Amino acid sequence: MASLFMSRAFRLEAQVQSKLQQIERLRSMASKVTSNTANEPVSHTRDVTEMQDAVIRIMEEEEILKTRIKMLMDVKEQIRDVIEHVDDVTLQLILEKRYLLYESIKEIAADLGYTYRWTEKKHKKALQEADRIIDERYELDIWTGDHKSS
């Protein structure tokens, strides 16, 4: 359970990055529409409508992006809350690097100067500790899988 709870930020961050790419593509397409109409002597109604549609679509996507960023910030705050309640500082560090910085166990081991096996063992122990904290502090909605603060 803890790994699902803790890895929500990674999935949300991927959604945010995807949405940023989508918006960039929309902006690129919109600028092509403008550059095509700039070469024509008179702006046609169709071109103006296409540009308006592109701008509206970009604005809608930006609103979705803002919502996802807010969700990401909320989820990261919940993850930080769980990590802060882990008693062992080394376990906290492993959890921070894994679930807030998205580092692999191999990267964490190298950074901390430990073996992969030792780091993996400590990671499992950290997740067990996180499970205990999540059970104490958060209630799982069995229908949606969402976690709600107690």
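Some observations on this one:
- All of (1) open to solvent by 90 Å² or more (accessible area, probe 1.4 Å); (2) modelled with pLDDT of 95 or more; (3) small (Gly, Ala, Ser) hold for Ser150 with one exception: (2).
- Flag if Leu95 is in contact (Cβ under 8 Å) with a residue 60 or more places away in the chain, part of a helix (DSSP H, G or I) and open to solvent by less than 20 Å² (accessible area, probe 1.4 Å): yes
- Among the residues of the range 98-147, just one is open to solvent by 50 Å² or more (accessible area, probe 1.4 Å), at pLDDT 95 or above and β-branched (Val, Ile, Thr), namely Thr115.
- If you go through the range 110-137 and keep only what is of a type in the set (A, V, I, L, M, F, W, C), out of contact with any His (no Cβ under 6 Å at 6 or more places or on another chain) and within 19 Å of Ile83 (Cα to Cα), you end up with Leu112, Ala126, Leu127, Ala130, Ile134.
- For Lys32, the conditions (1) at pLDDT 90 or above; (2) of a type in the set (Lys, Arg); (3) out of contact with any helix residue (DSSP H, G or I) (no Cβ under 8 Å at 6 or more places or on another chain) all hold with the exception of (1).
The values are calculated or read from the model by the stated rules, or taken from the named source; none is laboratory data. It should be emphasised that the depicted structure is a prediction, and the values quoted were computed from it without experimental measurement. FYI the Cβ positions are ideal-geometry reconstructions off the backbone, even for glycines, and counts take in every protein chain you see. Note: accessible area is taken over every heavy atom of the protein model, side chains too, but ligands, DNA and RNA are not part of it. Shrake-Rupley method; radii C 1.70, N 1.55, O 1.52, S 1.80 Å.
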